[in-house]
1. Among I32, I63, which is the only one that is modelled with pLDDT of 95 or more and under 25 Å from S249 (Cβ atoms)?
2. Could you check how many residues of region 211-240 are assigned to a strand (DSSP E or B) and in contact with a Gly (Cβ under 6 Å, 6 or more places away or on another chain)?
3. Would you confirm whether or not region 228-235 contains a residue that is small (G, A, S), over 14 Å from the mean Cα position of the chain (by Cα) and not assigned by TED's automatic domain parsing to the domain that holds A54?
4. Taking into account only those residues within region 169-201 that are out of contact with any Gly (no Cβ under 7 Å at 6 or more places or on another chain) and farther than 21 Å from D339 by Cα, which is surrounded by the most Cβ atoms within 10 Å (Cβ to Cβ)?
5. How do the pairs read when you match residues in region 294-312 that are closer than 18 Å to Y255 by Cβ and in contact (Cβ under 8 Å) with a residue 24 or more places away in the chain with residues anywhere that are charged (D, E, K, R) and outside any loop (DSSP other than H, G, I, E, B), using Cβ under 8 Å and keeping only pairs 6 or more apart or on different chains?
6. If you take the residues of region 287-321 that are in a loop (DSSP other than H, G, I, E, B) and in contact with a Leu (Cβ under 7 Å, 6 or more places away or on another chain), which of them is surrounded by the most Cβ atoms within 10 Å (Cβ to Cβ)?
7. Kindly state which strands (runs of 3 or more DSSP E) lie completely within region 46-131 and contain at least 2 residues that are hydrophobic (A, V, I, L, M, F, W, C).
8. If we keep just the residues of region 170-190 that are of a type in the set (G, A, S) and not in a strand (DSSP E or B), which is farthest from I310 (Cα to Cα)?
Amino acid sequence: MKNHLVKGAAALLLTGLMFGTASAAEVKTIAILTPEEGTDFGWNQQGVDAAKAAGEAAGVEVIVAQGLGYGDVRPTLRELAEEGADLMIAHASGYNTAAPEIAKELNVPVAIVDTPSALTPGLITDYTLSGHQGAYLAGRMAAKMSRSKTVGIVVSGEPPSWNSQSAAFAEGVKAEDADVKVIYAVIGPAAYSDAAGGKRVTESVIAAGADIIFGQGNGSSFGMLQAVETTKAADGGKVMFIDVIGDKSSIDKGYLLSSVVWNIEPVYAAMIADLKADTFGNSGYEIGLKDDSVNLLKTPQIPDDVWAEIQALRQEIIDGGITVEPVFEATDVRAMMSDIQE
C-alpha cells in the first residue's frame with residue numbers, strides 16, 4: 001500500500017471463527033478514507049480514532065488512508081478493496097459519488113456521508129451525522145454569555161452536517177434571547193482546509209460585533225481559532241470560540257469556550273454489526289445527546305451557573321420537552337439566517 005495507508009488495530013480471531021460459524025468471519029478488515037490527516041482535533045481525527053476503536057472492539061483489522069485530499073479517490077478505493085477491505089468508510093462528502101461507484105463495481109460495501117438517498121441493502125449505507133442538539137445548547141450558552149449581544153457562525157462550506165448545526169445554534173440563540181444578533185458567514189463552497197480563509201472571515205465577523213464565534217471548519221478551524229486569539233472584541237475584551245466535533249483543549253490558550261463533541265465510534269460499531277447481521281444498508285445512522293454520542297465540552301471559561309442551566313436544558317431535550325429538528329438544506333439555513341437578521 002502507499003505510505004498514507006496505515007494499518008492499525010491488529011486483527012484478532014473472532015469468537016465465531018473458533019466455533020466455525022460463517023457470520024463471524026464476514027468482517028475481517030475495514031478501511032477509512034479521510035481527506036485530511038487524522039490530527040485535526042475534528043472531523044478527520046474523530047473519524048480515524050472512532051474507526052480504530054470500533055475495529056479493536058470487534059476484533060477487526062483497520063486500514064487508515066488519510067490525507068487523501070478532496071479529489072478522485074477511486075484508485076485508493078480500488079487499492080483498499082484489493083487489500084481485502086470488507087467495508088470502506090468514505091469519510092468526506094466529496095467521496096459520496098466515487099465510493100458508491102466502486103462499491104457497485106467491486107461488490108465491496110461502503111459507507112458514505114450526506115447522501116441518505118443512496119442506501120442500498122448489503123452495499124451502501126449513509127451516516128449523515130448531525131450534532132444539532134448539541135449546537136442548540138451551544139447557541140443557548142452563547143446568548144447567555146455574549147457581552148455584545150452579537151454572535152457569529154463561520155462555516156467552511158454548507159454540507160448537511162454543518163447546516164443542521166448552524167440552524168440549531170441560531171435557534172438556540174434566539175430561544176435564549178431574541179435580541180441577540182446572529183451573523184452567518186461562509187468561507188467558501190468547500191473551504192474545509194482553508195485556514196487562511198477561516199482567519200480572514202472570522203476577523204470580519206468579529207469586526208461586525210461578534211464576541212463569540214461558532215466555527216465549523218475541519219482544518220480551517222485553526223484559522224478561526226487564530227483570529228479569535230489575535231482579535232479583540234468591540235469592547236476590547238476577549239472573543240471566545242465554540243468548536244465542533246473534536247476537543248482542542250490541549251492546544252487552547254484560553255479562548256476555547258466549548259465544542260459540540262461527536263463520538264462516532266458507536267456508528268462504526270453499528271456498521272460492523274450490521275454487516276455481520278446482513279442488515280447493512282437498510283438504514284442510516286444518527287448521533288445525539290441521549291446516548292452521549294453528542295456532548296457539549298465543559299471548559300474553565302464557562303461559569304458554573306451557566307453550565308448548570310445548560311445541563312438542565314440538555315435533560316429537557318433528552319426528555320422530549322424541547323425538540324430540535326435538523327435543517328439539512330443550505331437554502332433553508334440561509335433563509336432562516338435572513339429572517340432572524342431582519
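The values are calculated or read from the model by the stated rules, or taken from the named source; none is laboratory data. Fair warning: this is a prediction, and the values are worked out from it, not measured in the lab. When we count neighbours, we look across all protein chains shown, and the Cβ atoms used for this are built from the backbone with ideal geometry, even at glycine.
1. Values: I63 fails: under 25 Å from S249 (Cβ atoms).
None of the others qualify; the one that does is I32.
2. In the first step, residues of region 211-240 are kept if they are assigned to a strand (DSSP E or B); the result is 212-216, 240.
After this cut, where a residue has to be in contact with a Gly (Cβ under 6 Å, 6 or more places away or on another chain) as well, the list is 213.
Summing the residues that are assigned to a strand (DSSP E or B) and in contact with a Gly (Cβ under 6 Å, 6 or more places away or on another chain) in region 211-240 gives 1.
3. Applying the first criterion (small (G, A, S)) to region 228-235 yields 233-234.
Keeping just the survivors that are over 14 Å from the mean Cα position of the chain (by Cα) gives 233-234.
Next, only the ones that are not assigned by TED's automatic domain parsing to the domain that holds A54 stay: 233-234.
Yes.
4. Per the stated criteria, the residue is V201.
5. Matching pairs, first to second residue: L296/R314; L297/D243; V306/K144.
6. Of everything passing the filter in region 287-321, I287 is surrounded by the most Cβ atoms within 10 Å (Cβ to Cβ).
7. Details: elements: 61-65, 87-90, 110-112, 124-126.
Counting at least 2 such residues, we get 61-65, 87-90, 110-112.
8. Just the residues of region 170-190 that are of a type in the set (G, A, S), to begin with: 170, 172, 175, 178, 185, 188, 190.
In the following step, the residues that additionally are not in a strand (DSSP E or B) were identified as 170, 172, 175, 178, 188.
Numbers: A170: 16, G172: 11, A175: 13, A178: 17, G188: 32 Å.
Here the residue is G188.
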